[in-house]
Structures are given as C-alpha cells and as structure tokens.
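Structure record follows, encoded as structure tokens.
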Amino acid sequence: MSDIDIYRRKARAWLESVAPRFGRAARAGLSEEEDLALGRAYLRERFAAGYAGINWPIEFGGQGLGHIEKVAFETEEMPFGMPTAYFSISLGMPVPIIMRFCEDKAWVKERVLKALQGEEIWCQLFSEPAGGSDLAGLRTRAETDGNGWKINGQKVWTSWAQYSDYGVIVVRTDPTVPKHKGLTYFWVDMKAPGVTVRPIKLAGGDSHVNEVFFDDVKVGDDHRMSPVGGGFAVAMATLMIERYVATDSAGFGPHLDLFVALAEEAEINGRPAIEDGRIRQQIARNHAMRNSLDAITARAMKMMQAGMEPGPEGSLNKLVSVRSRQKLSELAIDLQGAAGLHFDAHAPVKQDWGASWINAPTGRIAGGADEMLLNTIAEKILGLPQDHRPDKGIPFNQIPA
Amino acid sequence: MSILYDEGQQAIASESRRILEAHVTTEALLPLLETQDAIFEPFWSIAKEQGWTAVALPEAYGGLGLGLIELGLVALQAGRSLSGAPFLTPSFGAARAILDHGDEALKQHWLPRLATGDAICAIAFAEGQQVIGRSLAFKDGKLGGTKPAVTGGTRADVAVVTASDGKEPILAVAELAGIERQAIDSFDNSRCAADLIFADTPATVLARGPAAEEAALHILALQAVITAHEQTGGAEKLLETARDYALTRRAFGQPIGAFQSVKHRIAEIYALVELARAGAVHAASREGQDDFIAAAAAARIQATDSYDTAARDCVQVHGGIGVTWEAGLHLHMRRARSLAIEQGNLFFWEDVLVDRLREKAA
C-alpha cells in the first residue's frame, strides 16, 4: 500500500469516527445558524486531528504536506456531507492569498489559525454588477484618503459575506489607464463602518451569496496586498490557487447509482423504466462520461504523486459534469411523473434530484461560466485567438458604457 | 485507476507516429474508397516490419509480450493517420481467442503467423443487426451459412466465428482458403468488407455454450478497447486539423478561430478527445479485472461519440472546403462510422454497460 493510500485510509477512519456528530444525518433539520455552529465545531476538531491546512506551510499552522494529500482528504470528506460549505471560499482562496501577499506574518498566522478552526471566515469580493466574467471591468473604486484609502462601490455574488469577518477585494484606483492596469488589491474588515451586506435569495431559495456595499469605507495602506495598479496579477494568482481541488464527476449532484435505483423502481407507460432504451442510453452515456472524468482525475493524482504537473484536461471536469448533471436531474424528475413535483428547497443537492436541478445553473456560472471555460480551453490550451475586445488598451474612463 | 505511460510506452507512441506521418497521406488513401478490396499496402508492410502485429502476443509464439496498453498506443497513431488497412485489431482479437481457448497445436499453427502478420484473421460475429449472431450452422465439424460484411473479409486467411450447433452457441475458428467471398461496396472500402459464405467449411471449436458467449463478448471487448484508441486518434487528428484551419482561414477581417461560435466548437472537440482518451487508457489498464467489460463498454461509448462528433464538427469548421473530395475530411467521417459499427454499435454496448451497472448495484 502506497503512502497516499495509507493516508487516505487513516483520513477515512477519522471521518467515519466523527460523521455521526457532523455528517449529513446529524445536519438534517438544522437551521442555517445551527448548521454554521456545527460547522465551526467540525473545523475545530478537524484542525485538532491534523486535517486542516493540509498543504499549507507549517509556520502558519498548516500540515506542510502536498497537494495530493489535500485532494485525497477532500475526496474522502466529500461523501460525508460535512458542514464545510461556509468555509470553502475562505480556506480556498482568501486565506492562502494573505499567506502569500501580506507582509505582517504574525498577524497572518493569527488569521490562518482562526480561519482553520472556523472561528473567522473570509470572503472574496471580486464580482460586480458590471463585471463578473469580465473581472477587470469592475467599478468599485478606492481613492487616497490621508495615509490610507477610501472605498466606494458595490460587489455582488459574494459567497458567505453575511458570516464573514474579513474579505479580500479588488478595486479600481486609477480610471485613467486601461482596465487591467488601474486595479489594486486590499483586504478589508467586513465589520468596518460603511460595509453593508445584503443576502441575495437564489432561484433554489437559499441565500449563500450577497450584495456587499461599500460606502466611504476607510482602509489603511497596510491593507494593500499589491502594488498600486498591480491588483489584477494578485487577483489572477487568487484564482490559480484552486487548481488542485477535489473534483466530482457527478457535477456535485447525485451519484449515477441513485439514478439507476430510481429507474429500477419507476415505470414508463406501464413498463419498467430500467428496460426503456431512452433511459438506458442516458445511464450508459452518463456513466461513460463520468468514467472518463474519473480516469482523468486518477491520472492527475498519479502525476502529482510522480512530482509532475497534471495536464490541462483536468479543467474539463466542471464544464462537462455540471451541465450533464443538469440534464440528468431533469430526466430524473420526469421519471417520477407527478410525484416529481414534490420539492424540498433545502434537500442536499447530492441526494435529491429537485434540489440538484434547481441549483445546477449556479454551478454552470459560478467559478467560471461554461463560456469562459470554453474560451480558456480554446485560447490557453489550443492557442486559438482571443475574442475581439473593443475595450482593449483604452483608458477605463473612456470605454463606451 | 488509470495509468501513466512509462518511457517505453512513450517511445512506442512517438515512433509509430513518426513513421505513419512520414508514409500515410490523404492522396494515397482517397483512391482506396473507389475500389473494393484496396488497402494502402505500405501501412500493412510497416505494421509487420515494426512488429505491431506482434505487440500484444506472448513471446512464446513470436510476440513481443506487451499488452492492450501498448497495442492501444499503436492503434491511436493508426487512427490519427487513418491507417489504410483494417487487420491489426481483428488479428489481435482472433489471436487472443486462439490463445485463450485453443489447444497447443492450434496455437502453434496460427499464432506465430499472426504475430508476423503473414496471416490475417477476421472476426466474424455480426449478422445484420445481431452484433453476436448465431445463425451460422455448425455440424460434424463443419460450418454452413453466411457471415455478412466481415471487416477484412476479402483478405483474411482465417476467421473466428460465432455459430450454433442447433443446441448451443459455438465459438469456432476456420481457415478460409477456398471459401466463397463476396466483396461489398461500403462507404469505407479500405476496410475490405466481404460476405463470407461457408459451405462444409472445416472448423475447430474454441468454446461451447455459455463459455462461447462469454468468450465472444470478451474478444469484442478487447477489440473495442483497441478501437477506442483508434477512434481517439482520429478525433485527436480532427481536433488539430480544425484548430489549424481556424487559425489560418480568415473571414470578416480576422481568423475564424477568433469567433466564439467557432472556437467553442473546437474547444468542445478537445473535451471529447480527452474524454475518449481517458476512457480508452483506463479500459486498457483494467484487462483481467472484474470490471473490464464495463470499462471497455464505457470506453467504446465515449470514443464512438467523440469520433463521430469530431468528424461532424471539424467538417463544419472548414465550411465549403470541408465537403470536398480532395480535402479528405470525409475519410474521417467514413472511418468514424465504420469503426462505430465494426465492434458492435452503441445500442449493443449501452445494453452491456447498463446490465453490468445493474448487477453492481444489486
């Protein structure tokens, strides 16, 4: 048994030991506040058990292991349905980026330890009403204010901002230069005067994303994490951190076995659905596709184990899996006939076809819309030309609105 | 689990690619479409010289002692080049049938000749819409009846067939010397398809009853994995062709690859190629395991869909030039379809896969 297999086995044993208190069953029926409290408790125990900050430096409180151990743990953790979602952005991007770009290391270590134990949560303030996929088109501005800065504007789609203590933010500090060149990167105190968080209710009924308004919010220059005008590079670095993440060929929806089980029970026009060619074809094709995605992931793990950089095909998982989950969820609702109308907005998306279906569009838009992922494949992997960009090279304040 | 290719395997891939790119051209392949029983002879000579016919056979019978993974790598390159002769996969499948089910005399008789490529073997299972047909009659050691549209049938020296003795299924091997063959016109004529008409043709039984059924499916699965690599290679070549064309062809003042409708179409082909590759390599690594048939079926389904779609969309990206005879993209359209049928259509494999997924769940 290889080292990573031993690591996985130990991790699974630990997860099984705490699952009765933190897993899916323990969470059923909790309010969001109760669930968040349970999540904080889970993170404390996870930290104590040595499964927090797995690939982060020891000097900041991490475990100093590799990407492969991190991905292995996350892959083992996912099926248990632990209450980790509130911390996924926090630990995924903002906290790693402050470790890299903040100068005051003692302060950073304090933040890291609190974040790893669920005491503090960080959010990422990037998207705006006028700039999601086009991040560099953002309009929130920071102007000099004495020795520091003053922020005004609005962010949107900010996950878990309602529970966040801190955030990292990209703002425009110079509108007279082309859009990528006038941005600067800061961290902000989410409890500071002038910060207003307003949850957005999504189509599925839940509110994990927010609008965040900045109204003369003052930050010191020691909050600045990039050179003035150098914020876009740090923003890109933030988005690159999550290259090594646990993937899910089910598109973060239900496993195909659940569809097969449904088809075993369902009938179509009085005949068993599992014998119906339309259903069989979907099962077979979805399995084939997921089987390939799993093989890509397995190969990436082997490459990491061998000290190699995994291939770019790893980027396919989200694009391919989420949109097929969306269609399969529709089909699963169809299969249930009138019974398919029953809907529980808070059902777990990995267990329930209705919840999977209503939330699937979010997965195709958040973290890189399908169209942006296709652009990235076309441009970065295949070397095809960039789109025509009329705003290229033009000072931001002269771009036609 | 999947695998990483080792240095030897990478060398097989790069060497076979180098040789094929130097020798196989669109100009040489196009005339084959208009004649029955025409192959691109240099391809088959190369396959023999390079030992590709021997790759996955045991050393004891003149083989190189490698496996599905290595033969798959060669097949992927053959798929890129469109090869020019259809014998590599069925000769391997038949050799495995003889190796796994034949007696020593039969092995000594056929395997060394299959390893050198001096003998060509066909797999004659299909009968019309039956992927594994059994209407061929086996009686008193002899076969009677027709196996239609057998790939490589115009030239095969020996065939592994599915038949029935009236009571139970039979898997048998028959020498084809003197047998009546009727070449058929297909949309991919270099596949050398022919109806094989057996009449009191002596045959040796390899397996009977359920064992014969299981053996036939296993041989088909082995071939499906090789073919999935070939399909991946074809799709990969189409991806590159579409990309290169989109970079050079200009319209409305810019390369057509700058239009999202075009670049996204090509990016989708990339996704299909990588899915096909991953499925094929994974299946090759599962030989001998309980889930091999399911892995082969999954690879087959993904690769077939990927190659067909790549062919369709690569032509579309090319616009008018894509539908001309000379551009030769139709060679891939044709190959995508012939390979989609040769190892059993997707209706067959989808059922095989779903039955196995149900067994696993039960």
(Q) Anything in the range B:346-359 that is free of Cβ contacts under 8 Å to residues at least 12 places away in the same chain and either surrounded by fewer than 20 Cβ atoms within 10 Å (Cβ to Cβ) or away from chain A (no Cβ under 14 Å) (or both)? List them, or say none. (A) B:F347, B:D351, B:D355, B:R358, B:E359
Q. So which strands (runs of 3 or more DSSP E) stay within the range A:183-263 end to end and still have 3 or more residues that are among the β-branched types (V, I, T)?
A. A:195-200, A:209-219
Q. Failed condition for B:I197, given (1) of a type in the set (A, V, I, L, M); (2) touching a His at 6+ places or on another chain (Cβ under 9 Å); (3) surrounded by fewer than 17 Cβ atoms within 10 Å (Cβ to Cβ), with all others met?
A. (2)
Q) How many residues, within the range B:172-212, are within 20 Å of the chain's Cα centre (by Cα) and of a type in the set (D, E, K, R)? A) 4
Q: Taking only the range B:243-257 into account, find how many residues are over 24 Å from A:V320 (Cβ atoms) and either at the interface with chain A (Cβ under 9 Å from one of its Cβ atoms) or touching a Phe, Trp or Tyr at 6+ places or on another chain (Cβ under 7 Å) (or both).
A: 3
Q.
Take A:K380 and tell me if it is within 13 Å of another protein chain (Cβ to nearest Cβ) and part of a helix (DSSP H, G or I).
A. yes
Q) If only one of B:Q343, B:Q289 is surrounded by fewer than 24 Cβ atoms within 10 Å (Cβ to Cβ), at pLDDT 95 or above and more than 9 Å from every other protein chain (Cβ to nearest Cβ), which one is it? A) B:Q289
**Q.** Pairs where the first residue, in the range B:259-274, is more than 7 Å from chain A (Cβ to nearest Cβ) and within 13 Å of B:E240 (Cβ to Cβ) and the second is buried (at least 24 other Cβ atoms within 10 Å of the Cβ) and small (G, A, S), C-beta under 9 Å, 6+ apart
**A.** B:I269/B:A235; B:I269/B:A242; B:I269/B:S306; B:I269/B:A310; B:V273/B:A235; B:V273/B:S306; B:V273/B:A310
Q | Pairs with Cβ under 8 Å, 6+ apart, first in the range B:302-325 and closer than 16 Å to B:G257 by Cβ, second aromatic (F, W, Y) | A | B:V317/B:Y245; B:H318/B:Y245
Q: Name the residue, out of B:K147, B:K139, that is over 29 Å from B:A336 (Cα atoms) and either out of contact with any Lys or Arg (no Cβ under 6 Å at 6 or more places or on another chain) or not assigned by TED's automatic domain parsing to the domain that holds B:H282 (or both).
A: B:K139
**Q.** Residue among A:A347, A:A360 that is away from every other protein chain (no Cβ under 14 Å), surrounded by 14 or more Cβ atoms within 10 Å (Cβ to Cβ) and without any contact (Cβ under 8 Å) to a residue 12 or more places away in the chain
**A.** A:A347
(Q) What's the total number of residues in the range A:1-55 that are of a type in the set (V, I, T) and more than 16 Å from A:G118 (Cβ to Cβ)? (A) 2
(Q) Of everything in the range B:278-333, what is in a helix (DSSP H, G or I) and among the polar types (S, T, N, Q)? Give them in sequence order. (A) B:S285, B:Q302, B:T304, B:S306, B:T309, B:Q316
Q: Sort out which residues of the range B:107-140 are over 24 Å from B:Q50 (Cβ atoms), of a type outside the set (F, W, Y) and touching a strand residue (DSSP E or B) at 6+ places or on another chain (Cβ under 6 Å), and write them in order of number.
A: B:A124, B:I132, B:G133, B:R134, B:S135, B:L136, B:A137
Q.
Residues to consider are B:R17, B:R80; find the one that is buried (at least 21 other Cβ atoms within 10 Å of the Cβ), basic (K, R) and within 20 Å of the chain's Cα centre (by Cα).
A. B:R80
Q: Could you pull out the residue among B:A207, B:A242, B:A174 that is free of Cβ contacts under 8 Å to residues at least 40 places away in the same chain and either part of a helix (DSSP H, G or I) or not β-branched (V, I, T) (or both)?
A: B:A174
Q) Going by the structure shown, is A:V245 more than 9 Å from chain B (Cβ to nearest Cβ), buried (at least 16 other Cβ atoms within 10 Å of the Cβ) and at pLDDT below 90? A) yes
Q.
I'd like to verify a number: residues in the range A:295-344 that are within 14 Å of chain B (Cβ to nearest Cβ) and of a type in the set (K, R), how many?
A. 4
Q | Meets criteria (of a type in the set (V, I, T), buried (at least 23 other Cβ atoms within 10 Å of the Cβ) and closer than 28 Å to A:P390 by Cβ) for B:I266 | A | yes
Q.
Of everything in the range A:281-292, what is within 13 Å of A:A250 (Cβ to Cβ) and more than 7 Å from every other protein chain (Cβ to nearest Cβ)? Give them in sequence order.
A. A:N286, A:R290
Q) Between a first residue in the range A:130-156 that is in a helix (DSSP H, G or I) and a second residue that is among the basic types (K, R), which pairs have beta carbons less than 7 Å apart while being 6 or more apart in sequence or on different chains? A) A:A136/A:K179; A:G137/A:K179
Q | Positions within the range A:182-238 being polar (S, T, N, Q) and either surrounded by fewer than 22 Cβ atoms within 10 Å (Cβ to Cβ) or at pLDDT below 95 (or both), in sequence order | A | A:T196, A:S207, A:S226, A:T238
Q: Would you mind finding the one in A:T75, A:T158 that is among the hydroxyl-bearing types (S, T, Y) and at pLDDT below 95?
A: A:T75
Q.
Looking only at residues that are aliphatic (A, V, I, L, M) and under 19 Å from B:A298 (Cα atoms) in the range A:267-280, which one is farthest from the other protein chains (Cβ to nearest Cβ)?
A. A:I279
Q) Restricted to the range A:78-97, and to residues that are crowded, with 20+ Cβ neighbours inside 10 Å and of a type in the set (A, V, I, L, M), which residue is nearest to A:V234 (Cα to Cα)? A) A:I97
Q) Taking the range B:292-340 as the region of interest, how many residues are crowded, with 23+ Cβ neighbours inside 10 Å and of a type in the set (D, E, K, R)? A) 2
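The values are calculated or read from the model by the stated rules, or taken from the named source; none is laboratory data. Note that the structure is a prediction, hence the values are computed from the model and not measured. With ideal geometry, Cβ positions are generated from the backbone for all residues, glycine too; neighbour counts draw on all protein chains shown.
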